[in-house]
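Step one of this worksheet: look at the structure below.
The values are calculated or read from the model by the stated rules, or taken from the named source; none is laboratory data. Source: prediction; values computed, not measured. Counting neighbours? That spans all protein chains shown, and the Cβs are built from the backbone with ideal geometry, glycine included. Side chains are part of the model used for accessible areas, which takes the heavy atoms of the whole protein and leaves out ligands, DNA and RNA. Shrake-Rupley method; radii C 1.70, N 1.55, O 1.52, S 1.80 Å.
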Amino acid sequence: MAKQTRQIRVGGVAIGGGAPVSVQSMTNTDTADVEATLSQIRALAVAGADIVRVSAYNEACAKAVRRLVDGSPVPLVADIHFDHKLALMAAENGIHKLRINPGNIGGEKNVKILADCVKAHHIPVRIGVNSGSVEKDILAKYGAPTPQGMVESALRHAKMLEDCGFYDMVLSMKASNVPDTVEAYRLASRACDYPLHLGVTEAGLPEQGKIKSAIGIGALLLSGIGDTIRVSLTGDPCLEPPAGIEILQDVGLRTDCVQYVSCPTCGRTCIPVGDIMRRVQQELADVHIPFKVAVMGCVVNGPGEAREADIGICGGGNGAGLLIKKGEAPRKVTGDLAEILIDEIRGMMA
């Protein structure tokens, strides 16, 4: 059962308080280049991002926020470090959320100024602690950026805003090490009721990063922990939202997409399982409804798996397939099995 956290709103997207787990990503363009950044924001939205973060590392970036917000199809977050004036500028320009660490923006006076600003504009704040950003005194206390240290750091930052009467916060405690990440979030979940933004930071190239993220994020979601997620991958950020959606689907938190089942193949395989499934996935890339498709290589487990799906096909020998649709008797089909399956699926969806 998911932990009930307090709820904040990032534009039109609710985080926490029982809201659906949202998927985030971040642009890697020069934020001051409005057209390039908007193009990537729109691509990320098409890829499935509910919220997109941009880095506001100088005044030109903070000034660009107004045009980015006006042109974005999804709520935007400004990622800001060290300079509270950039956060103020982003807030005045309409940003939907800030990602800051109050402890590194210049002391209590600046924190109070920022807190008054975000309260006036009803802008939530994510306090993001990474294993590489833990304060020196906490590192000295624990001897390393431990899960306990990351949580202590996040709560210390949160208290600075709490002391200013501000509570619309999301917390994150990310490490590139999966066990440390999972333990940090478990500790934070027990220590507070703020919504938690999940992710394994610096997870690496897509090949390994998806696996690390699925293990870390998936373990926490299955424990009822987490309100919003980002799969951090090196390279094209448009690969991140689909990976996040797949994690949510696989842990049972997203049903508005097609679920695919295919066997690993063995010596009994008598149809090109991989080729068929790839063509089906390409054809259904634009489909966002609950639907299950199975492609199986032979009749050992094939009919059973296909019966559990909305539609499935399994190898029937001599290049033929056995097509099985829910509620209908199996029928033998020959020819281009992928095309036959796709036509049947489109017919069912119509």
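Data for the structure
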read-out: Any hit, the stretch 201-216, residues being among the polar types (S, T, N, Q), outside any helix (DSSP H, G or I) and touching a strand residue (DSSP E or B) at 6+ places or on another chain (Cβ under 8 Å); value: yes
read-out: Check on VAL134, among the hydrophobic types (A, V, I, L, M, F, W, C), in contact (Cβ under 8 Å) with a residue 24 or more places away in the chain and crowded, with 18+ Cβ neighbours inside 10 Å; value: no
read-out: One residue from ARG42, ARG66 being in a helix (DSSP H, G or I), of a type in the set (Lys, Arg) and within 22 Å of the chain's Cα centre (by Cα); value: ARG42
read-out: Residue tally, condition within 20 Å of ARG346 (Cβ to Cβ) and open to solvent by less than 30 Å² (accessible area, probe 1.4 Å), over the stretch 296-310; value: 2
read-out: Qualifying positions in the stretch 147-179 - assigned to a loop (DSSP other than H, G, I, E, B) and farther than 19 Å from ILE225 by Cα; value: ASP163, CYS164, GLY165, PHE166, TYR167
read-out: Of all residues in the stretch 179-225 being touching a residue at least 12 places away in the same chain (Cβ under 8 Å) and of a type in the set (Val, Ile, Thr), the one that is nearest to MET169 (Cα to Cα); value: ILE225
read-out: Criterion (crowded, with 18+ Cβ neighbours inside 10 Å, acidic (Asp, Glu) and under 16 Å from the mean Cα position of the chain (by Cα)) met by exactly one of GLU183, GLU240; value: GLU240
read-out: Those residues of the stretch 330-347 which are part of a loop (DSSP other than H, G, I, E, B) and open to solvent by 80 Å² or more (accessible area, probe 1.4 Å), in sequence order; value: THR334
read-out: Residue count, the stretch 230-265 (criterion: part of a loop (DSSP other than H, G, I, E, B) and of a type in the set (Asp, Glu)); value: 2
read-out: Residue check, GLY48 crowded, with 22+ Cβ neighbours inside 10 Å, touching a residue at least 40 places away in the same chain (Cβ under 8 Å) and not basic (Lys, Arg); value: no
read-out: Lone qualifier among VAL65, VAL34 - being surrounded by 23 or more Cβ atoms within 10 Å (Cβ to Cβ) and either free of Cβ contacts under 8 Å to residues at least 60 places away in the same chain or among the β-branched types (Val, Ile, Thr) (or both); value: VAL65
read-out: Residue count, the stretch 215-232 (criterion: farther than 14 Å from VAL21 by Cβ and within 11 Å of the chain's Cα centre (by Cα)); value: 1
read-out: Positions within the stretch 111-130 being open to solvent by 30 Å² or more (accessible area, probe 1.4 Å) and either in a helix (DSSP H, G or I) or in contact with a His (Cβ under 8 Å, 6 or more places away or on another chain) (or both), in sequence order; value: LYS112, ILE113, ASP116, LYS119, ALA120, HIS121
read-out: Qualifying positions in the stretch 78-100 - open to solvent by less than 10 Å² (accessible area, probe 1.4 Å), in contact with a helix residue (DSSP H, G or I) (Cβ under 8 Å, 6 or more places away or on another chain) and either charged (D, E, K, R) or at pLDDT below 95 (or both); value: ILE80, ALA87, ILE100
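Results for (1) without any contact (Cβ under 8 Å) to a residue 24 or more places away in the chain; (2) open to solvent by 20 Å² or more (accessible area, probe 1.4 Å); (3) assigned to a loop (DSSP other than H, G, I, E, B); (4) within 30 Å of ALA43 (Cβ to Cβ), shown as yes or no for each residue.
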position: ASP286; (1), (2), (3), (4): yes, yes, yes, yes
position: ALA294; (1), (2), (3), (4): no, no, no, no
position: GLY312; (1), (2), (3), (4): no, no, no, no
position: GLY321; (1), (2), (3), (4): no, no, no, no
position: GLU328; (1), (2), (3), (4): yes, yes, yes, no
